[in-house]
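Below: one structure, written as structure tokens.
Read-outs throughout are calculated quantities, based only on the coordinates presented, and are distinct from any laboratory measurement. Computed from a predicted structure; not experimentally measured. Cβ placement follows ideal geometry from the backbone for every residue including glycine, while neighbour counts extend to all protein chains displayed.
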Ligand SMILES: NC(=O)c1ccc[n+]([C@@H]2O[C@H](COP(=O)([O-])OP(=O)(O)OC[C@H]3O[C@@H](n4cnc5c(N)ncnc54)[C@H](OP(=O)(O)O)[C@@H]3O)[C@@H](O)[C@H]2O)c1
């Protein structure tokens, strides 16, 4: 990719969203390095100009064809994928097959089809836009893979971790969307409240870094300052720290291997006193265990986990099922899944199966 002679041409999928808007902000503030080449908008508008502006819904043939034309345009250098959920898989694969750099926010893509996506990425790899994975990536720069003992993904705990007195059957949509540290789109905010976000992130890290599942831990860190850590075989721990601001991982992904001057405000050391780390309560929040089990069993189960979760989160946000039924839906879908294969077609079939299962059984899934 050209960085010296001209700015990097960036296409942003999901430009009206939380990641999308912060990506546009990073691009706007660095015109000598980055150029907004194209974008997609769903129901909202960015009111921006670019060579390609694609409006509509993924899955609509006209939208999909125009997105394909944008990301395979020879002038496009880098594609930021920030449309949530399984619908981001097709454009991610298109961008990789066209040889583009991919900055991936949509972790669901790696959860459902991590092996196929990483194979398509090849040596180039994927530039992660998840804050925890960006932290791990930065800790791994210059290190040998065999020097790593384990990855430690931090979790803020979401809005309910610090409130064990709350009955998770009774919490409202408004309470679930009230994240204590990060301002994000509704899907990932609910995933943070159920802790499914951490389950998805364990699978994401497994694929991104080629680390075995049993060498990836999760710990609760309510301040969200330590974005994640790597433990090495000599006993040393490396961490990446900073205020919770997604513009840092976005900048790292857009400009790698350079760092953007002033991407975010530095963190005063006084703010680092009183950092806490706690073990995850896997009884109250079983999502991480479910995700590990699904990833270990493979053969379409991670796609079932992801799709059942997406459907259940949508139903919760629509007021159709209680909060506690989200993870229950995932657990029951995984238990009922007859097993599948590992091709793209198998994965899409597992995804379809899980969505139908959750829709068809929504009445039963409401009950404990
Ligand atoms: N937000 C974060 O801090 C954060 C951090 C790490 C990872 N992520 C991941 O990044 C992804 C995006 O998260 P977000 O928080 O930015 O989500 P968001 O705020 O809900 O934004 C989603 C974007 O995708 C578009 N979109 C949604 N459904 C679409 C569809 N069917 N067809 C076409 N476009 C569609 C939306 O368009 P309209 O709104 O215009 O309809 C919007 O531009 C998620 O996978 C999330 O897990 C987010």
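Key figures for this structure:
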| item | result |
| --- | --- |
| Distance in nm between pseudo-label sites at residue 293 and residue 237 (7 Å out along the Cβ direction from Cα) | 2.9 nm |
| Stokes-Einstein D (µm²/s) once Rh is taken as the Kirkwood radius of the range 223-368 over alpha-carbon pairs, at 10 °C in 1.306 mPa s | 86 µm²/s |
| Burial order of peptide ranges 42-54, 251-263, 74-86 (average beta-carbon count within 10 Å, highest first) | 74-86, 251-263, 42-54 |
| Ellipticity estimate at 222 nm from DSSP helix runs (n ≥ 4, -39,500 (n - 2.57)) divided over the chain, nearest 500 | -13000 deg cm²/dmol |
| Alpha-carbon centroid distance for the pair the range 310-368 / the range 168-202, whole angstrom | 18 Å |
| Protection proxy ranking, peptides 21-34, 295-308, average beta carbon neighbours within 10 Å, highest first | 295-308, 21-34 |
| Counting all C-alpha pairs of the chain, share separated by more than 35 Å (%) | 20 percent |
| Residue exposure sequence - 192, 5, 18, 362 - by fewest surrounding Cβ within 10 Å | 5, 362, 18, 192 |
| Sorted by Cβ neighbour density within 10 Å, fewest at the top, the residues 330, 202, 358, 148 | 148, 202, 358, 330 |
| Length released on extending from residue 349 to residue 72, taking residue separation times 0.36 nm less the Cα-Cα span | 97.1 nm |
| Prolate/oblate/rounded label for the range 16-153 (Cα gyration tensor, a/c 1.5) | prolate |
| Most fluctuating residue given options 282, 123, 320, as computed from a GNM of the chain linking Cα atoms under 10 Å | 123 |
| Residues 217, 156 arranged by fewest to most Cβ contacts within 10 Å | 217, 156 |
